[in-house]
């Protein structure tokens, strides 16, 4: 016989345990962020091939964990499935179809087959990153925790890049885990225009610059919403490190992120930022002498730059491969530079490897992620801290979306993993905003538009009677 109150106390204990379990911070996602951005992307687990970076391996583990989570149902998954889940399924189906059709072609070389196998491994890792982040981050505190870790990781990447640029010292060579081997030389430090061109802990300066540019809108949103000294210091480090990649792609990425974020500001904030911009540029010129002038010369000499002519020549060379298999491509991961050529356009590469179906599914996934983050901003309110963070996340996705037209982003471990991390975050903020505010987006513009369209039919007859 149980004592009175035993059942009630047991239920209370269960509720308290469930609340404690749900309040745990997503430390596994924080580890993932560190492996994507700070861990040198040239380090791989050699027995699994040149694509087995620590972040990719963790993403594969997260995919297995998510599948087990889905099968067991404990803890329960969110009831609402986001559009990103379905579009990821479409993208994965296109990649798997291209892989199956590749094996039906008799002229495929062993190097291409190994590349297709690596492509499947990457797909599992990307899916694990997106799905786990989209379903694990259930509360707004989880999202802000991950964003703070993202900004801190971006600041660490900036420090590594600044040390390379100023002193030629590579801190990334000391960030190694046992069992990992470099697939290429660590600490890329090149030369462009007589200045050091650095890549931080990443494999190429474009990847380094684009990833920093993707973190920049989130760092700006955090600094303006929380207004803490540490947030402004991390934002300053990221801004100072951006020009050290000496890359046109980085400057275009910064412009895209600034436009997306600036479009949500009021005129007062825009005027303040516009007035402060010359002083920021002057400080960069004093801290990094010659860097801004070198970057400006890259745009001035764009007509005679061999890298630009090489990008335009890719279109003519790709035509024969596209017509060979236009719908599902020749196999994801098979168009290797060792056999063919290096493409500086990820969308063109997807069109060759996965066909029009793969290209459309990828573009749909990216565009949907933009709208998911924007939908979260509309529900929370663009002027609120939550809305500003959603807009910063939308800008991060926009940066990578545009940058993939200037380099083969899915071929770089940090850029590709970061993209699916941001998409997972966009899906999470959308679902949280729907659970808090419902399906209807709260926005003064849309409210006025709805009221205006509702009044218009009733006002027409009265206007006709008054007309002469």
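The values are calculated or read from the model by the stated rules, or taken from the named source; none is laboratory data. Fair warning: this is a prediction, and the values are worked out from it, not measured in the lab. Backbone-built Cβ (ideal geometry, glycine too); neighbour counts: all protein chains shown.
Regarding residue 379, is this residue touching a helix residue (DSSP H, G or I) at 6+ places or on another chain (Cβ under 9 Å), modelled with pLDDT under 90 and closer than 21 Å to residue 111 by Cα?
No, not satisfied.
Kindly provide the set of residues from segment 356-365 that are in contact (Cβ under 8 Å) with a residue 40 or more places away in the chain and surrounded by 19 or more Cβ atoms within 10 Å (Cβ to Cβ), ordered by number.
357, 358, 361, 362, 365
Just to be sure before I move on: is residue 177 more than 29 Å from residue 402 (Cβ to Cβ), touching a helix residue (DSSP H, G or I) at 6+ places or on another chain (Cβ under 7 Å) and surrounded by fewer than 20 Cβ atoms within 10 Å (Cβ to Cβ) in the structure I sent?
Against the criterion (more than 29 Å from residue 402 (Cβ to Cβ), touching a helix residue (DSSP H, G or I) at 6+ places or on another chain (Cβ under 7 Å) and surrounded by fewer than 20 Cβ atoms within 10 Å (Cβ to Cβ)), residue 177 qualifies.
Matching residues to (1) in a helix (DSSP H, G or I); (2) surrounded by fewer than 16 Cβ atoms within 10 Å (Cβ to Cβ):
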position: 36; (1), (2): yes, no
position: 47; (1), (2): yes, yes
position: 63; (1), (2): yes, no
position: 66; (1), (2): yes, no
position: 81; (1), (2): no, yes
position: 93; (1), (2): yes, yes
position: 99; (1), (2): yes, no
position: 111; (1), (2): yes, yes
position: 116; (1), (2): yes, no
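Quick grid of which residues meet (1) over 22 Å from residue 87 (Cα atoms); (2) within 33 Å of the chain's Cα centre (by Cα); (3) part of a helix (DSSP H, G or I); (4) modelled with pLDDT of 90 or more:
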site	(1), (2), (3), (4)
424	no, yes, yes, yes
435	no, yes, yes, no
442	yes, yes, no, no
445	yes, yes, yes, no
456	yes, no, yes, no
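I need the full set of residues from segment 254-282 which are over 27 Å from residue 381 (Cβ atoms) and in contact (Cβ under 8 Å) with a residue 40 or more places away in the chain, in order please.
Result: 280, single match.
Given the options 328, 356, name the one that is closer than 30 Å to residue 85 by Cβ, modelled with pLDDT of 85 or more and part of a loop (DSSP other than H, G, I, E, B).
One residue alone meets the criteria, 328.
Would you pick out the residues in segment 283-313 that are in a helix (DSSP H, G or I) and at pLDDT below 65?
303, 304, 306, 307, 308, 309, 310, 311
When segment 191-218 is examined, which residues are found to be assigned to a strand (DSSP E or B) and either touching a helix residue (DSSP H, G or I) at 6+ places or on another chain (Cβ under 8 Å) or at pLDDT 85 or above (or both)?
Result: 192, 195, 196, 197, 198.
How many residues are out of contact with any helix residue (DSSP H, G or I) (no Cβ under 6 Å at 6 or more places or on another chain), at pLDDT 90 or above and within 23 Å of residue 433 (Cα to Cα) if we restrict to segment 62-85?
Result for segment 62-85: 1.
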